[in-house]
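Readers should treat all values here as calculations from the given coordinates under stated rules, not as data from a laboratory. What you are looking at is a predicted structure, and each value in this text was computed from that prediction instead of being measured. Note that we place each Cβ from the backbone using ideal geometry, even for glycine, and neighbour counts take in every protein chain shown.
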Amino acid sequence: MEVRLSQDNSESCERVSGGRCGYVIFGASGDLSQRKLLPSVFSLCRTKRVAAEFFIVGYARSAMDDAAFRIKVREAIRQVDAGIAESEIEAFAQKCFYVSGGYDQDDGYQALKARTAELDAAFATGGNLVFHVATPPPLYAGIVAGLGKNGLLKRHQNDAPFQRVIVEKPFGRDFESAERLNNDLLEYLAEEQLYRIDHYLGKETVQNILMFRFANPIFEPAWNSAYIDQVQITVAESLGVEHRAGYFEQAGLLRDMFQNHLLQLAALVGMEPPVSLDSENIRDEKVKFMKSIRPFDLDNLPAQMVRGQYGPGVIAGHEVRGYREEAGVSPSSCTETYFAMKLSIDNWRWHGVPFYLRAGKRLERKLTRIAVVFKKAAYGLFAGNKSVESAPAPNVLVFDIQPRQGLSLAVQAKVPGVRMCLAPVRMDFNYRDVYGSEMDEDYSTLILDCIRGDQSLYWRRDGVQASWRLLTPALRDSGTCSLGGASGPMDMLEIYPAGSWGPTAGERLLEKDGRQWLEPSLGNT
Ligand code: BG6
């Protein structure tokens, strides 16, 4: 069963554009800049979503001149789409410049200041600047201090000319360090100038969650504990730690994925309707939701969460190494690459509805999905009726975030024939079918929002505080762990085979509540 949407509205839904400005990338020779930032800014320029008065400056320690940086720029764009016309790449490359400098020396910031002033005059960008801090986290505070002390950043200058700073994740390692970082950054910036990024919020399918909930009022009366049995959020990756062992060994999956992406997804499903779509109102409601998550019972953590680490296994027919054998990983590492938890929400809407969250690396395949599982139909109507051959399954609303992008609603229908058989069928919306190709615009959306001064899709300080306050007690940095199953102490780490769906303890987390993870193959079309 398929529901087709009319495209009429989308055609009149014009793309918004950002005004003139300079965009400076700190960490410009790094991986994030190459894989995401440069291609995203290219896409903004190519589709004219930023003004023609726009320039890019890469800043990093590596010694490079403009010409060498432009070679990297061209490579970055071709990597994403080999079919783009050379003339378009060239036009973009001519807007790209490079300044080489340290992160803790005034010389570098002074050189940057002189260069941006020169480019501001040449490109008529009106003194507007966005600084994107995409370096390793220990450098964040020093960079913002360097900008502030060298006169590149003026506090409370959000309107013309504006100076705004995008800070990458992870934002802190725990509650204390995140607060320290907040204090350090806010010494030179006003909250309105600080854009704490979470690239999941830039995904179209993630933005669609709020639109779906609040623009389709038929769901709102059922969006509560009277009708919903549970919410499941899965963020599975088939990739392993890749070349990021240095970072990942220190972070672990709980910090890497839950503090930001998974809690944001949970908040979008669980928050109350905001007063308006204004950024402050949206973020107020998200923070209220996060504050209503019940703190973990510290005496009983293993009943609420599961830690795992991938061992050797097979993914898509290829043998892959275990985490402890990866380059840069300690052979006795206790870092988790899988985490699952059960959240209880103490508010009127969600009391008694568990939110189960799981994320892991080297799982069977990439899958980011939210499933809202409704309660089953009234028992009495179908039970005991001999002609009903199968018990009705619950309605399930699935938000497919990636790689499939869309949503589906499973409903019960009678199987044709004389007998009374029920079977679940799906009403299905796939972005690809309606809007053409797959979308991967997360960073473009977020960078454009920053240029436009819209903070809706960025974390606010109180949101960061609320998420770290919840998770900090569950962090384990002791460096020791015991291997085994679910019910041991919290330093218990279960090794799961790469290519599986994670530790068996992850299954038991739901089984003890009489539930199970939804079949990952559901809606695999
Ligand atoms: C990042 C994490 O924030 O998100 C990575 O640091 C992870 O470890 C990545 O691989 C996943 O992002 P996406 O968009 O591919 O789901």
> Which value does Rg/Rh take for the chain over its C-alpha atoms, Rh per Kirkwood?
Replying inline: 0.98
> Of Ala52, Cys481, Trp223, which is farthest along the charge dipole of the chain in the positive direction, counting Lys and Arg as +1 and Asp and Glu as -1 at C-beta?
Replying inline: Trp223
>> I need Asp229, Asp278, Asp299 ordered by Cβ neighbour count within 10 Å, fewest first.
In response: Asp299, Asp278, Asp229
>> Can you list residues from other chains, or at least 5 along the same chain, whose modelled amide H is less than 5 Å from the amide H of Tyr23?
In response: Phe55, Ile56, Val57, Val130
> Using alpha carbon centroids, what distance separates segment 38-84 and segment 133-182, in Å?
Replying inline: 23
> Angle, helix 442-452 long axis vs. longest principal axis of the chain, Cα atoms, 0 to 90°, nearest 10?
Replying inline: 50
> Restricting to the chain, what percent of DSSP beta bridges are antiparallel, rounded to 5?
Replying inline: 50
> Tyr496's amide H: which non-local residues (gap 5+, or another chain) put their own amide H closer than 5 Å, with H modeled 1.01 Å from N in plane and none for Pro or chain starts?
Replying inline: Gln309, Tyr310, Gly311
> If amide H atoms are built 1.01 Å from N in the plane of the peptide, which residues on other chains or at least 5 residues away come under 5 Å of the amide H of Arg196?
Replying inline: Val167, Trp459
> Which aspartates and glutamates does Lys95 reach when only Cα atoms under 18 Å apart count, and residues fewer than 8 places away in its own chain are ignored?
Replying inline: Glu53, Asp65, Asp66, Glu75, Glu86, Glu118, Asp120
> All other residues with a Cβ under 10 Å from the Cβ of Ala226 taken together, and with Lys, Arg as +1 and Asp, Glu as -1, what is their net charge?
Replying inline: +2
> Can you run phi through the Karplus equation (6.51, -1.76, 1.60; θ = phi - 60°) for segment 394-409 and list ³J(HN,Hα) in whole Hz, with x for Gly and Pro?
Replying inline: x, 5, 10, 9, 10, 9, 8, 8, 6, x, 5, 10, x, 8, 8, 10
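Using unit Cβ charges (K, R positive; D, E negative) and no other charged atoms, how large, in debye to the nearest 20, is the dipole of the chain about its Cα centre? Numbers along the way, then the final one.
Numbers: 60 positive and 66 negative charges, 172 e Å.
Result for the chain is approximately 820 debye, rounded to the nearest 20.
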> Taking the Cα centre of the chain as the origin and placing charges on Cβ (Lys, Arg +1; Asp, Glu -1), which of Thr116, Ala377, His132 is farthest toward the positive end of the dipole?
Replying inline: Ala377
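Using the structure shown, select from Lys72/Lys113; Lys291/Lys361; Lys342/Lys376; Lys149/Lys291 the pairs with a Cα to Cα distance greater than 26 angstrom. Kindly include the intermediate steps, with their values, before the conclusion.
On the way: Lys72/Lys113 23 Å; Lys291/Lys361 28 Å; Lys342/Lys376 21 Å; Lys149/Lys291 36 Å.
Violating the 26 Å Cα-Cα cut-off are Lys291/Lys361; Lys149/Lys291.
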>> Taking θ = phi - 60°, what integer Hz values does the Karplus form 6.51 cos²θ - 1.76 cosθ + 1.60 yield along segment 326-343, in sequence order, with x for Gly and Pro?
In response: 6, 4, x, 9, 5, x, 10, 4, 9, 6, 7, 10, 9, 8, 9, 8, 10, 10
